[in-house]
1. From other protein chains only, count the Cβ atoms within 10 Å of every residue's Cβ in A:142-155, then give the mean.
2. Under 11 Å from a label point 7 Å along Cα→Cβ of B:S49: give me every residue in the range B:112-148 with its amide N that close.
3. Under the definition of partner shielding as Cβ atoms of other protein chains within 10 Å of a residue Cβ, what is the mean value for peptide B:3-12?
4. Could you work out the helix-only [θ] at 222 nm for the protein assembly as shown, with each DSSP H run of four or more residues adding -39,500 (n - 2.57) and the total divided by the number of residues, to the nearest 500 deg cm²/dmol?
5. Taking the Cα centre of chain A as the origin, how large is its charge dipole in debye, to the nearest 20, when only Lys and Arg (+1) and Asp and Glu (-1) carry charge on their Cβ atoms?
6. Compare the Cα positions of B:S106, B:I133, B:V63 along the charge dipole of the protein assembly as shown (+1 at Cβ of Lys, Arg; -1 at Cβ of Asp, Glu; about the Cα centre) and return the one farthest towards the positive end.
7. How would you rank B:D68, A:D30, B:D105, A:D24, going from fewest to most other Cβ atoms within 10 Å of each one's own Cβ?
8. Over the range A:45-198, what per residue volume does the convex hull of the Cα atoms give, in whole Å³?
There are 2 protein chains.
Amino acid sequence: MDHSAGIELLFQNISKRVPLEPQDKMHFKDLFKLQKFDKKSFLFNQGKSGEWNGFVLTGTWRVFHCDDKGSEHVLYFAFPDWWLGDMTINGSENTAFYSAQTLEDSYLMIINKEQKEQLLMQVPALERFFRIITERHLAVLQKRFLLTISTNAVERYKELIQRSPGIEQLVPQHQIASYLGILPESLSRMKKQLNSKD
Amino acid sequence: MDHSAGIELLFQNISKRVPLEPQDKMHFKDLFKLQKFDKKSFLFNQGKSGEWNGFVLTGTWRVFHCDDKGSEHVLYFAFPDWWLGDMTINGSENTAFYSAQTLEDSYLMIINKEQKEQLLMQVPALERFFRIITERHLAVLQKRFLLTISTNAVERYKELIQRSPGIEQLVPQHQIASYLGILPESLSRMKKQLNSKD
DNA sequence: CGTCTATTTGAATGTACTCAAAAGCGGTGG
DNA sequence: CCACCGCTTTTGAGTACATTCAAATAGACG
């Protein structure tokens, strides 16, 4: 994986939503950096600066928040071709509310938040792109939220493995439990129940 | 309340996030329509077209989804100076996933989704505006989601009345229960408990 | 005043949590 | 190659929180 291959994947990802002119591509060619992340390293870290956004080239990531009681809650997983970012308004302090950690060695295209802001000013197509994908993220989370308050963990588990088949090969079970909003013990019991019904 | 007063409020709302040129204002002056909604009427309706976005001038709204079992779940309430819209990707069918209903007589500035898309193309500042407020909505929902999976209903109730003091005077209790993701009976019991502890 | 809806109260049930401990699994060093 | 360590998953018993179903009370609106 090298820089120009990463830029090309990034370009393809954006082109799925908005048309990009060659001069637009020139603009972000230099602003995005390729970076390798070792397993278990962080792109941003709760309570710290959180000034980087990333586009996943390879590897699986988890974005999570650690609450006052010390429990971690997975907000989402990110796979190749996904975007990673913390868009928190964390009061006056400008610290991240979430942490992003790789589950395995990973390559990202990363960009500084300030530079991203500048880039969006210069390239209206990108502003449009991020408006569109943010709307999609919001729509997805709205449905997940409704699913969470209207059904039990069994339904949420079924929905997840249907929506993301193969996720159980990529992500350890206790983190899937965290994503579903339940404890690892509960997920284990649940799966036992489901298997016994075959 | 007349059209130019509505446009003025809308202009002020947008100006809080992005600078607007006089010619930008000219652009949407005619695209936004003032409309009065009687109590209990809808801006968009689950399963139907859902082609209107709105900006609340007066009145309180609820946006909710009705699940397969027939239960309604409040996604959010909207007050004056808030935006209303359904941004669902509902598969191939282009129908709304949510309904928006007024709790009282209300005035909105409304715009057709197609016209809005055109407007965003023409006015980059507006594209930027909607990117920013969508990010904020996402950030708010992320926190609400985490609160929902990490705490019990008492904590969520306390958080709500702290964040929106006076909401209990505007919204009936069973709809607050729905927003919290619990049944009206549970909220009633909860409040009794809380009162007995004073 | 009567009807319709919202709220309260009660008893029984279900779902997931807590605390505790055992079993499984993967990686590392001897 | 095996033994050990740390981490993940499983299992168990008891508990907390919110639901279900049912009925009574209170409030709002015409």
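1. Shielding by partners across A:142-155 averages 5.
2. B:112-114
3. On the way: counts 0, 0, 0, 0, 0, 0, 0, 0, 0, 0.
For peptide B:3-12, the averaged partner shielding equals 0.
4. -14500 deg cm²/dmol
5. Result for chain A is approximately 600 debye, rounded to the nearest 20.
6. Of the options given, the answer is B:V63.
7. In increasing order of surrounding Cβ atoms, one gets B:D68, A:D30, B:D105, A:D24.
8. Once divided by residue count, the hull of the range A:45-198 is 133 Å³.
None of the figures in this text is laboratory data; all of them are computed from the coordinates on show. Here the structure is a predicted model, which means the values were calculated and not measured. Note that each Cβ is placed from the backbone with ideal geometry, even for glycine, and that neighbours are counted across all protein chains shown.
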